Amino acid sequence: MERGLASRREFLGRSSAAIAAGGAVGTFGEILLADTVSSELAAVEGRQAIACLRKEAAAAARDVLQQGGNAIDAAVAALVVLCVIEPSNVGLGGYGGSLVYFEAKSGRVRAIDFDSRCPLKFDSAKFTEADGRHGYLAVAAPGVVAGIDLALRQYGTLPFKTLARHGLKLAEEGVAVTPQLAGSFSALSKNIDPVSRRAYFPNGVPAAGAQWVQADLARLIRRLGDEGLGSFYTGDVAAAIVGQVNENGGVLSEEDFRDFRATAVEPLHIDYRGYDLYTPPLPSGGLTSLSILKTLEQFDLSSLAPWGAEYIELFAGASNLAWQERFQYIGDPEFVDVPIEELLSEKRARERADILRRGVAIAKPQPAEDSHTVNLVVADKDQNIVSWTATQGGDFGAHVAIEGFGLMLGHGMSRFDYKKSSPNFPAPGKRPQHNMAPLLVVHDGKPYAGLGLPGGRFIVTVTAQLAVNLIDFKASPQQVVSAPRIHTEGAAPILLTADTSPAEVTALRVGGSDVELKPALGGSANAVVIDPQTGVVRAAASGAAPRVLAF
């Protein structure tokens, strides 16, 4: 399937004004693409739904919804479970995250940022990039508990003590150690300081088949339920964390904890082909996802074969340009001037499209990260819907565990860029740029979909693809999350998942693209889609482990 330069130029010259319908249409309006994307798992449907990584978390959310809790309540219950059973990905000591929430009673989309902040005693002269990866200098004030606290105070209906009971039970009674978890524990135990090893594994490193009981963490969860989530940032909890960190070379202070706040923020918003897309603002990663989409909006994607060579080539170009802007401009807007409105403007999108028509400008390539984060999407019977992403950072975060609390801390300092010219260079009190990009889609004022995934830098690029799958390719929820994926940030090869059609890979290579196939790009994606006519909710998730429930 060789394509000449003339055909490429013809497509690039077309605007987005002419949108072809294309394809056979099924329920929910999706194009039937069964021959293009195989779906081992079918979406489930009902009036309420949960999509997340583990069945234990989905079950906790379901129980809360059945008790009359709303989407935020259910998401908190699921997240606490994930903090217990997915310790390498997320924890109550995780450095941060963000969420977007469609509030049915107001018809508005809300957002919460709970990103970490650089310690107030940070001194760049005494800090190297390696210090930010693991160890006590990598620790900044953790944001996950503050995010849960603010979400419940603003939008929840049930107390944390009620919502945490599933996670508490798992911590007290134990989690079955799978071979994969045992391998993670073994690797961690070789790369952790003696104090943290004793704190995290008081009874020795659990082997496969054992029950991993987290008694100290259970006591912390119970205490937060009794005393309130704010107690995490004051009193002897904060004092214990700060004390151990500083005794081992860190620079945290109790002031870092006392002054830490999650914040209610206005989400970023774009119109994309008549759909309203919302994602948390900076320092979250969704700005880049939206920039990619605004560029693609200048082209008629619906006239292309879904996940075909022409689409891949165009998406890669749009991604390169958006990543170039990300490296150039983006940091904490409290500290650097980021031209947010300009980057998301129609004018800037047209300029990027013109660059693509002339030839792609290449960004400086950066190493992509593995997936060590969680996302969950929940919709309730009232059509409140939330997409929530939270993280430790990399695998087990800072590799620092706090004695007496069983608490593994995230490494927020790893998310800064240590080139002094970078807008993401650290400074006391500054939030690091991160990649999490939960997304909500609203159509005609009604919630239409919640989308999200973990996966380091892949999150930014794949989030845009989830939106294209849903809106341009009219894919079913399961196809939205299971479609082939693309990632590129610059001069490195275009990375494609191995399920990309061999014919399309050949066409790309014949056309001169450098292509590399990967088993996966990013983690398990979640989609919850609401039928605007019937109100029926469908949930889907990709990968072997994820679980979805609807009822």
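The values are calculated or read from the model by the stated rules, or taken from the named source; none is laboratory data. Note that the structure is predicted; figures quoted are calculated from it, not measured. Glycine gets a Cβ as well: all are built from the backbone with ideal geometry, and neighbour counts include every protein chain shown. The area values use the complete protein model at the heavy-atom level, side chains included, leaving out ligands, DNA and RNA. Shrake-Rupley method; radii C 1.70, N 1.55, O 1.52, S 1.80 Å.
With touching a Lys or Arg at 6+ places or on another chain (Cβ under 7 Å) and not aromatic (Phe, Trp, Tyr) as the only criterion, which of Ala146, Ala171, Ala187, Ala182 stands out?
Only one candidate qualifies: Ala146.
Within segment 456-497, restricting attention to residues that are at negative phi and among the basic types (Lys, Arg), which residue is most open to solvent (accessible area, probe 1.4 Å)? Let's see the steps before the verdict.
Of all residues in segment 456-497, those at negative phi come to 457-473, 475-489, 491-497.
Imposing the further condition that a residue be among the basic types (Lys, Arg) reduces the set to 457, 485.
Numbers: Arg457: 39, Arg485: 20 Å².
My answer is Arg457.
To keep it simple, each residue is scored yes or no on (1) open to solvent by 20 Å² or more (accessible area, probe 1.4 Å); (2) modelled with pLDDT under 95; (3) under 16 Å from Leu293 (Cβ atoms).
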| site | (1), (2), (3) |
| --- | --- |
| Glu310 | yes, no, no |
| Ser319 | no, no, yes |
| Ala322 | no, no, yes |
| Tyr329 | yes, no, no |
| Pro333 | yes, no, no |
| Leu343 | no, no, yes |
| Glu346 | yes, no, yes |
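Are there any pairs with C-beta distances below 7 angstrom linking a residue in segment 379-397 that is under 30 Å from Arg538 (Cβ atoms) to a residue that is among the charged types (D, E, K, R) and part of a strand (DSSP E or B), with the two at least 6 apart or on different chains, and if so which?
Asn384/Glu103
Suppose we filter Ala520, Ala541 for residues that are hydrophobic (A, V, I, L, M, F, W, C), surrounded by fewer than 21 Cβ atoms within 10 Å (Cβ to Cβ) and out of contact with any Asp or Glu (no Cβ under 8 Å at 6 or more places or on another chain); which single one remains? If you could, list the steps in order and put the result at the bottom.
Working: Ala541 fails: surrounded by fewer than 21 Cβ atoms within 10 Å (Cβ to Cβ).
On inspection, the qualifying residue turns out to be Ala520.
In segment 269-280, how many residues are open to solvent by less than 20 Å² (accessible area, probe 1.4 Å) and either under 18 Å from the mean Cα position of the chain (by Cα) or without any contact (Cβ under 8 Å) to a residue 24 or more places away in the chain (or both)?
So the count comes out to 3.
Residue by residue through segment 247-289, note down the ones that are touching a helix residue (DSSP H, G or I) at 6+ places or on another chain (Cβ under 8 Å), part of a loop (DSSP other than H, G, I, E, B) and small (Gly, Ala, Ser).
Gly249, Gly250, Ser253, Ala262, Gly285 - these are the residues of segment 247-289 that are touching a helix residue (DSSP H, G or I) at 6+ places or on another chain (Cβ under 8 Å), part of a loop (DSSP other than H, G, I, E, B) and small (Gly, Ala, Ser).
Can you name every residue in segment 54-81 that is over 12 Å from Asp382 (Cβ atoms) and open to solvent by 10 Å² or more (accessible area, probe 1.4 Å)?
Matches in segment 54-81: Arg54, Lys55, Glu56, Ala59, Arg62, Asp63, Gln66, Gln67.
Here is a list: Thr500, Thr506. Which entry is open to solvent by 60 Å² or more (accessible area, probe 1.4 Å) and among the polar types (S, T, N, Q)?
Thr506
Here is a list: Val480, Val505. Which entry is in contact with a helix residue (DSSP H, G or I) (Cβ under 7 Å, 6 or more places away or on another chain) and either of a type outside the set (Gly, Ala, Ser) or without any contact (Cβ under 8 Å) to a residue 12 or more places away in the chain (or both)? Even if it seems obvious, please write down each step before you answer.
On the way: Val505 fails: in contact with a helix residue (DSSP H, G or I) (Cβ under 7 Å, 6 or more places away or on another chain).
Answer to the selection: Val480.
Which one of Ser124, Ser116, Ser88 is over 23 Å from the mean Cα position of the chain (by Cα) and either over 21 Å from Glu172 (Cα atoms) or surrounded by fewer than 22 Cβ atoms within 10 Å (Cβ to Cβ) (or both)?
Working: Ser116 fails: over 23 Å from the mean Cα position of the chain (by Cα); Ser88 fails: over 23 Å from the mean Cα position of the chain (by Cα).
Matching residue, one of Ser124, Ser116, Ser88: Ser124.
Go through segment 231-244 and report how many residues are closer than 27 Å to Leu170 by Cβ and open to solvent by less than 40 Å² (accessible area, probe 1.4 Å). Reasoning before the result, please.
Taking segment 231-244 first, the residues closer than 27 Å to Leu170 by Cβ are 231-238, 240-241, 244.
This time we only want the ones that are open to solvent by less than 40 Å² (accessible area, probe 1.4 Å), so: 231-233, 237-238, 240-241, 244.
Within segment 231-244, residues that are closer than 27 Å to Leu170 by Cβ and open to solvent by less than 40 Å² (accessible area, probe 1.4 Å) number 8.
Out of Gly490, Gly452, I need the residue that is touching a residue at least 40 places away in the same chain (Cβ under 8 Å), out of contact with any His (no Cβ under 7 Å at 6 or more places or on another chain) and over 16 Å from Gly523 (Cα atoms). Which one? Even if it seems obvious, please write down each step before you answer.
Details: Gly452 fails: over 16 Å from Gly523 (Cα atoms).
So the residue among Gly490, Gly452 that is touching a residue at least 40 places away in the same chain (Cβ under 8 Å), out of contact with any His (no Cβ under 7 Å at 6 or more places or on another chain) and over 16 Å from Gly523 (Cα atoms) is Gly490.
Among Val100, Val145, which is the only one that is modelled with pLDDT of 95 or more, touching a Pro at 6+ places or on another chain (Cβ under 8 Å), crowded, with 24+ Cβ neighbours inside 10 Å and hydrophobic (A, V, I, L, M, F, W, C)? Spell out how you get there, then give the answer.
On the way: Val145 fails: touching a Pro at 6+ places or on another chain (Cβ under 8 Å).
That would be Val100, the only listed residue that is modelled with pLDDT of 95 or more, touching a Pro at 6+ places or on another chain (Cβ under 8 Å), crowded, with 24+ Cβ neighbours inside 10 Å and hydrophobic (A, V, I, L, M, F, W, C).
Would you mind telling me which numbered condition in (1) in contact (Cβ under 8 Å) with a residue 24 or more places away in the chain; (2) in a loop (DSSP other than H, G, I, E, B) Ala540 fails?
Looking at each condition in turn, Ala540 falls short on (2).
Against the condition touching a residue at least 40 places away in the same chain (Cβ under 8 Å), within 30 Å of Val338 (Cβ to Cβ) and assigned to a helix (DSSP H, G or I), how does Ile292 come out, does it pass?
Working: touching a residue at least 40 places away in the same chain (Cβ under 8 Å): yes; within 30 Å of Val338 (Cβ to Cβ): yes; assigned to a helix (DSSP H, G or I): yes.
Spelling it out, Ile292 is indeed touching a residue at least 40 places away in the same chain (Cβ under 8 Å), within 30 Å of Val338 (Cβ to Cβ) and assigned to a helix (DSSP H, G or I).
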